[in-house]
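Here's the structure we're looking at; comments come further down.
The values are calculated or read from the model by the stated rules, or taken from the named source; none is laboratory data. All values reported here derive from a predicted model rather than from experimental measurement. Here the Cβ positions follow ideal geometry from the backbone for every residue, glycine too, while neighbour counts run over all protein chains shown. Accessible surface areas use protein heavy atoms only, side chains included; no ligands, DNA or RNA. Shrake-Rupley method; radii C 1.70, N 1.55, O 1.52, S 1.80 Å.
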Amino acid sequence: MKLLLKRKASSANHMHGDLFDGEGQWICHTLEDEKRKVKIKGETAIPAGVYEIKLRPLGESRLDEKYAERFDFYKGQLWLQDVPNFTYIYIHCGNTEKHTDGCPLIGLKRFATTIGNSRDAYRKFYPMVIAALDAGEEIFIHVVDA
């Protein structure tokens, strides 16, 4: 499975984008920290590039308990592999840049500085990625800057 995250211009505190499937169909909006030339831990977007997504097993992420309570289909975090200078980058729920720590957040509504309906976006996105992983597919996300 191939995914495409198309970023829009970065502001002083955040960066909006859109996530598409391999057929070019829109899935949801994204929100990330802003791009920086020098990384600041928890306040910098990941570099553009192509990353494999794997499942981080249950019990290995601090988010697991909260997500298992919210989503009956939850099996672990969707984890971007080999992101330069970053560890544990997930695609997950959240509404403001304060929720990201460098991770792409997903939502179905976009506002000036936030996104909304993040849990609904997760309910849409997560099962399709899990189905592909369960079928033995490799998943790659191509992150491109505006």
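Among strands (runs of 3 or more DSSP E) entirely within the stretch 1-97, having at least 3 residues that are under 26 Å from A112 (Cβ atoms) and of a type outside the set (S, T, Y) singles out 2-10, 15-21, 26-32.
Results for (1) closer than 17 Å to R7 by Cβ; (2) open to solvent by less than 60 Å² (accessible area, probe 1.4 Å); (3) touching a Gly at 6+ places or on another chain (Cβ under 7 Å); (4) among the basic types (K, R), shown as yes or no for each residue.
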{"position": "G76", "(1), (2), (3), (4)": "no, yes, no, no"}
{"position": "P84", "(1), (2), (3), (4)": "yes, no, no, no"}
{"position": "I89", "(1), (2), (3), (4)": "yes, yes, yes, no"}
{"position": "R110", "(1), (2), (3), (4)": "yes, no, no, yes"}
{"position": "S118", "(1), (2), (3), (4)": "no, yes, yes, no"}
{"position": "A132", "(1), (2), (3), (4)": "no, yes, no, no"}
{"position": "A135", "(1), (2), (3), (4)": "no, no, no, no"}
{"position": "I139", "(1), (2), (3), (4)": "no, yes, no, no"}
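Has the stretch 120-127 got any residue that is in contact with a strand residue (DSSP E or B) (Cβ under 9 Å, 6 or more places away or on another chain), over 13 Å from I27 (Cα atoms) and among the hydrophobic types (A, V, I, L, M, F, W, C)?
Filtering the stretch 120-127 for residues in contact with a strand residue (DSSP E or B) (Cβ under 9 Å, 6 or more places away or on another chain) gives 120-122, 124-126.
Okay, now just the ones that are also over 13 Å from I27 (Cα atoms), so none.
Within the stretch 120-127 (the criterion being in contact with a strand residue (DSSP E or B) (Cβ under 9 Å, 6 or more places away or on another chain), over 13 Å from I27 (Cα atoms) and among the hydrophobic types (A, V, I, L, M, F, W, C)), the answer is no, since none of the residues qualifies.
Remark: pairs (first residue in the stretch 71-91, small (G, A, S); second residue outside any loop (DSSP other than H, G, I, E, B) and modelled with pLDDT of 95 or more; Cβ separation under 8 Å; 6+ apart in sequence or on different chains) = G76/L55; G76/R56; G76/D64. Among the candidates E60, E69, the residue that is out of contact with any Leu (no Cβ under 8 Å at 6 or more places or on another chain), surrounded by fewer than 15 Cβ atoms within 10 Å (Cβ to Cβ) and farther than 22 Å from D120 by Cα is uniquely E60.
Filtered by the rule that a residue be open to solvent by 50 Å² or more (accessible area, probe 1.4 Å), closer than 14 Å to E43 by Cα and in a loop (DSSP other than H, G, I, E, B), the stretch 98-108 gives a lone residue, D101. For the stretch 9-44, which residues satisfy the criterion of being of a type in the set (D, E, K, R), more than 14 Å from H142 (Cα to Cα) and open to solvent by 20 Å² or more (accessible area, probe 1.4 Å)? K35, R36, K37, K39, K41, E43, listed by residue number.
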